[in-house]
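Visitor: Handing you a structure now.
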Amino acid sequence: MSLAEQSAEFAITPVSDALGAEVVGLDVSQPLDPETLAVIRDAFQEHHMLCFRDQTLADDQLVAFSTQFGPLEVFPEKDHTRDKVEVYHVANVSLDGEQLAEEDPAVIYQRNNGRWHTDSSYRYTPSLASILYGIEVLPDGAEGGETGFSNMLAAYAALPDDMKAKLEPLHQVHSYADIRRLEPGIPPMSVEERDALPPVTHPVIRVHPDRNYQRSLYFTSNTSLEIGGMTLEDGKALHGWLVDYASRPEFCYFHRWRQNDLVMWDNRVLLHRAIEYDVSRYRRVLRRTTVAGDVTIMGPFFPEARATAGG
Ligand code: OGA
Ligand code: MN
């Protein structure tokens, strides 16, 4: 297939007013030609979430596709990975294909995905994108199992001015060890594991140099609820407000999985969460790669950010 043919054959169609587009007619199991890659990158920047329909990908193809957008992260815990260390197993099914018990730590661990979060925010340099491939998804008519997304650019823009001012100087503590403490039944981390991932703080308002310093909200609810500069109680109350605010329908899109969907989202500007489903009844098998971030998060106090309309 020629370069022109590859890009001429697929269609990119928005899936909601809030965010997201679906890409139909593009096979991503082979390397994308430069022209197509440029179109996909632009669409990703514009829509923040892309769903490539009808993909058939072995793990090494998933990794090869993902690497076109940057180097990949390696998940901190080995027991969630398959033979490729860059591939994270998001499933209630073991690597051997057996459905796991409801109380299996791997299943409990995934309950954390049910809270609004952005992937690997526990890193000093958090991820750019996550890429999730649907291998076994819930049948039609089954309740839950969607992945919800919320647009933090739109959410920031719609904040009342007094809330923008209140949030502006704040940072949140993001801690991998705390993720492990939220759900009872997950074994604690060893001292060595904890030392490898010390807590970090990130600004609650971040600016995006590649978007003319536009601002977005950046927070998580699967780690610590502490917000620097406030009492723990006030920080928790404010965090609770942010969680409710992020759930407003006008910012959200809930993706109902079809078999062989490949969903890629921008962790810099979206939050996401898994919607609960009956883990004892249904099998759900997804595999994820994570494109590493290349810069640390920029807060709103840089002169460049101040000089723009959003500053
Ligand atoms: C993830 C995640 C959501 C889901 O893999 O990072 O949050 O719906 N998954 O499984
Ligand atoms: Mn996640």
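The values are calculated or read from the model by the stated rules, or taken from the named source; none is laboratory data. Since the model is a prediction, treat every value here as computed from it, not as a measurement. Note: ideal-geometry Cβ built from the backbone for every residue, glycine included; neighbour counts use all protein chains shown.
Visitor: Collect the residues in the range 103-139 that are closer than 17 Å to R281 by Cα and either within 16 Å of ligand 2 (Cβ to nearest atom) or at pLDDT below 95 (or both), keeping them in residue-number order.
Guide: Answer for the range 103-139, where residues must be closer than 17 Å to R281 by Cα and either within 16 Å of ligand 2 (Cβ to nearest atom) or at pLDDT below 95 (or both): E103, D104, A106, V107, I108, Q110, R111.
Visitor: Exactly one condition in (1) in contact with a His (Cβ under 9 Å, 6 or more places away or on another chain); (2) away from ligand 1 (no atom under 16 Å from the Cβ) is not met by H117; state its number.
Guide: Checking H117 against (1) in contact with a His (Cβ under 9 Å, 6 or more places away or on another chain); (2) away from ligand 1 (no atom under 16 Å from the Cβ), the one that fails is (2).
Visitor: So the check is Cβ under 8 Å with 6+ separation or different chains; which pairs have a first residue in the range 46-64 that's in contact (Cβ under 8 Å) with a residue 60 or more places away in the chain and farther than 18 Å from H208 by Cβ and a second one that's surrounded by 16 or more Cβ atoms within 10 Å (Cβ to Cβ) and of a type in the set (K, R)?
Guide: D59/K84; D59/R287; L62/R287; V63/K84
Visitor: Now, a different point. Would you call A38 part of a helix (DSSP H, G or I) and of a type in the set (A, V, I, L, M)? Please lay out each step first, then the result.
Guide: Working: part of a helix (DSSP H, G or I): yes; of a type in the set (A, V, I, L, M): yes.
Against the criterion (part of a helix (DSSP H, G or I) and of a type in the set (A, V, I, L, M)), A38 qualifies.
Visitor: For the range 156-195, give me each residue that is exposed (fewer than 10 other Cβ atoms within 10 Å of the Cβ) and either closer than 27 Å to R248 by Cα or among the hydroxyl-bearing types (S, T, Y) (or both).
Guide: P160, D161, D162, S190 - these are the residues of the range 156-195 that are exposed (fewer than 10 other Cβ atoms within 10 Å of the Cβ) and either closer than 27 Å to R248 by Cα or among the hydroxyl-bearing types (S, T, Y) (or both).
Yes/no matrix, rows are residues, columns are (1) under 12 Å from Y176 (Cβ atoms); (2) in contact (Cβ under 8 Å) with a residue 24 or more places away in the chain; (3) among the hydrophobic types (A, V, I, L, M, F, W, C):
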position	(1), (2), (3)
P199	yes, yes, no
P203	no, yes, no
S216	no, yes, no
L232	no, no, yes
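Visitor: Among the residues of the range 199-218, write down those that are of a type in the set (D, E, K, R) and in contact with a His (Cβ under 8 Å, 6 or more places away or on another chain).
Guide: Correct list: R215 only.
Visitor: Has the range 238-255 got any residue that is surrounded by 16 or more Cβ atoms within 10 Å (Cβ to Cβ), in a loop (DSSP other than H, G, I, E, B) and out of contact with any Cys (no Cβ under 6 Å at 6 or more places or on another chain)?
Guide: no
Visitor: What pairs can you find where one residue is in the range 129-144 and closer than 18 Å to F44 by Cβ, the other is within 12 Å of ligand 1 (Cβ to nearest atom) and of a type in the set (V, I, T), and their Cβ atoms are less than 7 Å apart, with a gap of 6+ or different chains?
Guide: S130/T290; I131/T289; L132/V90; L132/V263
Visitor: Given the criteria surrounded by 15 or more Cβ atoms within 10 Å (Cβ to Cβ) and over 18 Å from the mean Cα position of the chain (by Cα), does I227 qualify?
Guide: Against the criterion (surrounded by 15 or more Cβ atoms within 10 Å (Cβ to Cβ) and over 18 Å from the mean Cα position of the chain (by Cα)), I227 qualifies.
Visitor: Something else: Restricting to the range 261-309, what's the tally of residues that are within 15 Å of V90 (Cα to Cα) and of a type in the set (A, V, I, L, M)?
Guide: Final tally of qualifying residues: 8.
Visitor: I would also like to ask the following. Determine which member of the set R194, R206, R248 is at pLDDT 95 or above, within 16 Å of V173 (Cα to Cα) and among the basic types (K, R). Before the answer, list the steps.
Guide: Working: R194 fails: at pLDDT 95 or above; R248 fails: within 16 Å of V173 (Cα to Cα).
The unique qualifying residue is R206.
Visitor: Condition test on Q6, is it of a type outside the set (A, V, I, L, M), at pLDDT below 95 and over 18 Å from the mean Cα position of the chain (by Cα)?
Guide: Working: of a type outside the set (A, V, I, L, M): yes; at pLDDT below 95: yes; over 18 Å from the mean Cα position of the chain (by Cα): yes.
It is true that Q6 is of a type outside the set (A, V, I, L, M), at pLDDT below 95 and over 18 Å from the mean Cα position of the chain (by Cα).
Visitor: Related question: Within the range 262-284, how many residues are within 24 Å of A64 (Cα to Cα) and among the polar types (S, T, N, Q)?
Guide: 1
Visitor: Working only within the range 165-185, note down all residues that are at pLDDT 90 or above, of a type in the set (A, V, I, L, M, F, W, C) and not in a strand (DSSP E or B).
Guide: Across the range 165-185, the qualifying residues are A165, L167, L170.
Visitor: Here's a follow-up. For the range 263-281, give me each residue that is within 13 Å of ligand 1 (Cβ to nearest atom) and over 22 Å from S216 (Cα atoms).
Guide: If the condition is that a residue be within 13 Å of ligand 1 (Cβ to nearest atom) and over 22 Å from S216 (Cα atoms), then I275, E276, Y277, V279 are the ones that fit.
Visitor: While we're here: Can you confirm whether S216 is outside any helix (DSSP H, G or I), more than 16 Å from ligand 1 (Cβ to nearest atom) and surrounded by 14 or more Cβ atoms within 10 Å (Cβ to Cβ)? Outline the logic, then answer.
Guide: Working: outside any helix (DSSP H, G or I): yes; more than 16 Å from ligand 1 (Cβ to nearest atom): yes; surrounded by 14 or more Cβ atoms within 10 Å (Cβ to Cβ): yes.
When the stated conditions are applied, S216 passes them.
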